[in-house]
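K.L.:
Pasting a structure here, questions to come.
The values are calculated or read from the model by the stated rules, or taken from the named source; none is laboratory data. Just so it is clear, the structure is predicted and the values come from calculations on it, not from any experiment. Glycine also receives a Cβ, built like all others from the backbone with ideal geometry; neighbour counts cover every protein chain displayed. Please note that ligands, DNA and RNA were not included when accessible areas were found on the heavy atoms of the full protein model with its side chains. Shrake-Rupley method; radii C 1.70, N 1.55, O 1.52, S 1.80 Å.
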Amino acid sequence: MLAALDLARRIEAGALTPRAVVDLCAKAIAEREAEIGAFVVLDIDAARRLAERAGLAQLPLCGLPVGVKDIYDTADFPTEYGSPIYAGHRPRADAAMVVLVRRAGGIVLGKTVTTEFAGLQPARTRNPRNLAHTPGGSSSGSAAAVAAGMVPIALGSQTGGSVIRPAAYCGVAGYKPSFRMLPTVGIKCFSWSLDTVGLFAAGVADAAFAAAAIGGRDLRIDRATPSAPRIALVRTELWGEASPDMQAAVERAARAAQAAGATVKEAVLPQIFEEATRAHATIQDHEAFRALAHEFERHRDRLGPILREQLGNAAAITPDTYDAARRLVRRARQIFAELMADADVILTPSAPGAAPRGLDSTGKPTFNRLWTLLGAPCINVPGVVDSAGLPLGVQIVGRFARDRAALEAASFIERALAVDNARVGLDRRR
């Protein structure tokens, strides 16, 4: 993988140029794109020309290439939203996040594959860690592109688990910021109460660097050693749906963090969070039926079977049911804020297990929906593999609007796992 921070530092020091980084990306794309299928469209020649601009290395992103999920509008690339309905569609303007990437000195290398309208219909991308397995979704191309070293940074989005889950499956860092911290203007809407911008990078500090550069917030965590956090280990009522390997990974991360100096305590969520988890589908589908009203009414026969059925069922969700779900979520968010008074972050699974075999599913957002619903910052921490060698991710959930603290805690656990991996490797060699 290409580490964004390392590349940026080398560019700032004059040891590397933005053009050279574009060439590194082009080499990885030439070697692996045919088998992985991470991109919908690329323009490497244009990226090379942009990389030659004077002063690019002095901007926050230092001229680093970025992959952009194909639900973000782009004026100079087609934007098809993963649907044949929009084949060849060319927006007149860039999405706000695309403008921010360019303003920060990033180079949009191409558009990454998304599932249909960022829903559950699987796309063509394969997992770089094992081509027989799904990369997850809906940000499948963005996660795979970073994992395969095709770009150091990629943009995705999350409505249920579309950043954290593919990051876990592909073995990269995934960061879903607090709700509305980064703009969704110009992104194809699925659920206006849930859709959240997300970022992928090689490691946690790389993702924090990218978010800071693009969003202009104080999110960088690479300038000092992260302090030991107070961690609440939360299994939730869904713990039984996690594979034995995933359960062991979370418990191992807790032990490694504790050995490194963190405080780790088990926490049990009140009953209302079970109800809130169930409310996610009500809110999401009620809004999707309205957000995709044009497509459902005018092009229903061109929708994938999963989305067509989902929207058809969503027509039966009444405004009263939707409003009741929203009231429940407001109470859950208040209780969540009170619960987090005794912990800096929550540690929980990123997914039920490693990436499932086959490409007929993107996996389940079982361990993501609640945290997306609450609007909390979430980070997938890579660094663990299952018994078959596939990546397993553990998830850090922070307090709302305390993203920097959540990123620091995630980095702390990432470092602790690296130490533990080294120890385990040494023990095995002995």
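K.L.:
Do we find that Thr366 is under 20 Å from Leu194 (Cα atoms) and crowded, with 16+ Cβ neighbours inside 10 Å in this structure?
P.N.:
When the stated conditions are applied, Thr366 passes them.
K.L.:
Could you please give the count of residues in segment 118-149 that are outside any loop (DSSP other than H, G, I, E, B) and over 16 Å from the mean Cα position of the chain (by Cα)?
P.N.:
1
K.L.:
Still on this structure: Tell me which of these Gly186 doesn't satisfy, since it passes every other one: (1) within 28 Å of Asp342 (Cα to Cα); (2) touching a residue at least 60 places away in the same chain (Cβ under 8 Å); (3) not acidic (Asp, Glu).
P.N.:
All conditions pass for Gly186, except number (1).
K.L.:
How do the pairs read when you match residues in segment 287-304 that are of a type in the set (Lys, Arg) with residues anywhere that are modelled with pLDDT of 95 or more and surrounded by fewer than 19 Cβ atoms within 10 Å (Cβ to Cβ), using Cβ under 7 Å and keeping only pairs 6 or more apart or on different chains?
P.N.:
The qualifying pairs are Arg300/Arg308; Arg302/Pro84; Arg302/Ile85.
K.L.:
A further question follows. Regarding segment 9-28, can at least one residue be identified that is among the small types (Gly, Ala, Ser) and open to solvent by less than 10 Å² (accessible area, probe 1.4 Å)?
P.N.:
no
K.L.:
Within segment 310-325, which residues are assigned to a helix (DSSP H, G or I) and either free of Cβ contacts under 8 Å to residues at least 60 places away in the same chain or more than 27 Å from Gln121 (Cα to Cα) (or both)?
P.N.:
Of everything in segment 310-325, those that are assigned to a helix (DSSP H, G or I) and either free of Cβ contacts under 8 Å to residues at least 60 places away in the same chain or more than 27 Å from Gln121 (Cα to Cα) (or both) turn out to be Leu311, Gly312, Asn313, Ala314, Pro319, Asp320, Thr321, Tyr322, Asp323, Ala324, Ala325.
K.L.:
Of the residues Val204, Val197, Val151, only one is open to solvent by less than 10 Å² (accessible area, probe 1.4 Å), touching a strand residue (DSSP E or B) at 6+ places or on another chain (Cβ under 8 Å) and either charged (D, E, K, R) or within 22 Å of Ala354 (Cα to Cα) (or both); which?
P.N.:
Going through Val204, Val197, Val151 in turn, the sole match is Val204.
Quick grid of which residues meet (1) open to solvent by 50 Å² or more (accessible area, probe 1.4 Å); (2) under 30 Å from Pro226 (Cβ atoms):
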residue	(1), (2)
Val250	no, yes
Ala254	no, yes
Ala257	no, yes
Ala260	yes, yes
Val264	no, yes
Phe273	no, yes
Asp285	no, no
Leu292	no, no
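K.L.:
May I pose another question? Of the residues that sit in segment 69-88 and are closer than 15 Å to Gln121 by Cβ and either aromatic (Phe, Trp, Tyr) or out of contact with any helix residue (DSSP H, G or I) (no Cβ under 8 Å at 6 or more places or on another chain) (or both), which one is surrounded by the fewest Cβ atoms within 10 Å (Cβ to Cβ)?
P.N.:
Here the answer is Tyr86.
K.L.:
Kindly indicate which of Ala87, Ala104, Ala93 is within 17 Å of Pro18 (Cβ to Cβ), out of contact with any strand residue (DSSP E or B) (no Cβ under 9 Å at 6 or more places or on another chain) and not hydroxyl-bearing (Ser, Thr, Tyr).
P.N.:
Answer to the check: Ala104.
K.L.:
Give the residues of segment 357-371 that are touching a helix residue (DSSP H, G or I) at 6+ places or on another chain (Cβ under 7 Å) and closer than 23 Å to Arg333 by Cβ, sorted by residue number.
P.N.:
Pro365, Thr366, Asn368, Arg369, Leu370
K.L.:
Name the residue, out of Leu347, Leu328, that is in a helix (DSSP H, G or I) and either touching a helix residue (DSSP H, G or I) at 6+ places or on another chain (Cβ under 6 Å) or buried (at least 18 other Cβ atoms within 10 Å of the Cβ) (or both).
P.N.:
Just a single option satisfies the conditions, and that option is Leu328.
K.L.:
Tell me, which strands (runs of 3 or more DSSP E) wholly within segment 1-117 include 2 or more residues that are under 18 Å from the mean Cα position of the chain (by Cα)?
P.N.:
65-69, 107-112
K.L.:
For segment 369-392, which residues satisfy the criterion of being surrounded by fewer than 24 Cβ atoms within 10 Å (Cβ to Cβ) and part of a loop (DSSP other than H, G, I, E, B)?
P.N.:
Within segment 369-392, Gly375, Asp386, Ser387, Ala388, Gly389, Leu390 meet the criteria.
K.L.:
Now, a different point. Does Val66 satisfy the condition of being within 25 Å of Thr114 (Cα to Cα) and surrounded by 18 or more Cβ atoms within 10 Å (Cβ to Cβ)?
P.N.:
yes
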